[in-house]
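This report concerns only the one structure given below.
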Amino acid sequence: MSERRRVKQTRSLDERMAEQAAKLKEQASQLPAGKERDDLLRRARIAETGSHINDWLNSPGLQAPE
């Protein structure tokens, strides 16, 4: 059995998702309207949504279920 590859992250998940979203938007802005551009913008929205969910989950107002 092969060993699991482990990577120590140096940046937070939020930072990585924001960078990915910005990179995807930049790539999409250089493409003409069409399926490929729409796919890049969709992936950017998913990254932004993931970042917002991560913020919400880490917020101090979130209470654990009892």
## Note on the structure
For the pair Ser2 and Asn58, the simple spin-label estimate (label points 7 Å beyond Cα toward Cβ) gives in nm 3.0 nm
### Task
Along Cα→Cβ, 7 Å out, is where each label goes; now give me the distance between the ones at Ser12 and Thr49 in nm to one decimal.
2.2 nm
#### Entry: Heavy-atom accessible surface of the chain: percent carbon and sulfur, 1.4 Å
52 percent
#### Entry: Given charges at beta-carbon only (K, R positive; D, E negative), |dipole| of the chain in Debye
340 debye
### Calculated [θ] (222 nm, deg cm²/dmol) that DSSP helices of n ≥ 4 give over the chain, each run adding -39,500 (n - 2.57)
-21000 deg cm²/dmol
### Message
Can you give me the accessible area per residue for the chain, using a 1.4 Å probe, in Å²?
### Response
90 Å²
### Task
Set Lys and Arg Cβ to +1 and Asp and Glu Cβ to -1, take the dipole of the chain about its Cα centre, and tell me which of Gln27, Ser2, Ile53 lies farthest positive.
Ser2
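Need one word for the chain: rounded, prolate or oblate. Basis is the Cα gyration tensor (sqrt eigenvalues a ≥ b ≥ c); a/c below 1.5 gives rounded, then a/b vs b/c decides.
Here the chain falls in the oblate category.
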## Note on the structure
Partner aspartates and glutamates whose C-alpha sits under 20 Å from that of Lys8, ignoring same-chain residues fewer than 8 away, are Glu19
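The values are calculated or read from the model by the stated rules, or taken from the named source; none is laboratory data. Treat the numbers as computed from the prediction; the structure is a model and nothing was measured. As a convention, Cβ positions derive from the backbone with ideal geometry for all residues, glycine included, and neighbour counts pool all protein chains shown. Accessible surface areas use protein heavy atoms only, side chains included; no ligands, DNA or RNA. Shrake-Rupley method; radii C 1.70, N 1.55, O 1.52, S 1.80 Å.
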